[in-house]
1. Students often check this: by mean Cβ neighbours within 10 Å, which of 33-42, 126-135 ranks highest, and how do the rest follow?
2. Going by alpha carbons, how many degrees (0 to 90, nearest 10) lie between the helix axis of 55-76 and the longest principal axis of the chain?
3. Suppose the chain between Asp3 and Leu118 were pulled fully straight at 0.36 nm per residue; how much longer would it get relative to their current alpha carbon spacing?
4. Provide the convex hull volume over Cα atoms per residue for the chain, in Å³.
5. For the stretch 1-31 and the stretch 115-129, write down the distance between their C-alpha centroids in whole Å.
6. With a 1.4 Å probe and all protein chains kept in place, how do Ile51, Ile83 rank by accessible area, largest first?
7. What do you get for the angle between helix 122-135 and the principal long axis of the chain? Use alpha-carbon atoms, 0 to 90 degrees, nearest ten.
8. Can you order the peptides 101-108, 67-74, 23-30 by their average number of other Cβ atoms within 10 Å per residue, highest first?
Amino acid sequence: MSDPAWSLHPQLKKDTVEIGDLPLCRVLVIQDAHYPWLLLVPRRDGAVEIIDLDEVEQAQLMTEISRVARALKDITKCDKLNIAALGNVVPQLHVHVIARRTSDAAWPRPVWGVMPPLPHDPEEVRNFIGALRRKIWLG
């Protein structure tokens, strides 16, 4: 289901760690330990908006968002999930799935720009990625 012309936007590549590929989307972790924060990026060249996907791909995107969001909520036991496709800075279509806690640094505001990114502890992020891969059926 991957588009051979597709490639990950350089800014997303710089800001993330790859988890793996679902049928439509590449799943990534944002490199900011303040928040359990995932991205789903449909592997479709030129997709900027959800409406750039055909109806079958839109349905697949929702299925993958739900799968990843359920896994993230189960693993983090978060208070709230924030799910959004904004793309104001990076035009490539991507969906943020962020586990929020009422005690996090940005609560109740959006996470963008509140705190400088905090590097992940290498072992903690490995464990987090492993748990996510198992929950979303990537290994």
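The values are calculated or read from the model by the stated rules, or taken from the named source; none is laboratory data. Since the model is a prediction, treat every value here as computed from it, not as a measurement. Counting neighbours? That spans all protein chains shown, and the Cβs are built from the backbone with ideal geometry, glycine included. Accessible surface is based on the protein model in full, side chains and every heavy atom, while ligands, DNA and RNA are left aside. Shrake-Rupley method; radii C 1.70, N 1.55, O 1.52, S 1.80 Å.
1. Working: 33-42: 21.9, 126-135: 15.5.
So the peptides 33-42, 126-135, ranked by packing, come out 33-42, 126-135.
2. Relative to the chain, helix 55-76 is tipped by roughly 20 degrees.
3. 38.1 nm
4. Details: hull volume 15.2 nm³, N = 139.
Value for the chain: 109 Å³ per residue.
5. Centre-to-centre distance over Cα atoms comes out at 18 Å.
6. On the way: Ile51 140, Ile83 85 Å².
These residues rank, largest area first, as Ile51, Ile83.
7. Helix 122-135 sits at roughly 50 degrees to that axis.
8. Working: 101-108: 12.6, 67-74: 18.4, 23-30: 20.6.
Ranking the peptides 101-108, 67-74, 23-30 by packing returns 23-30, 67-74, 101-108.
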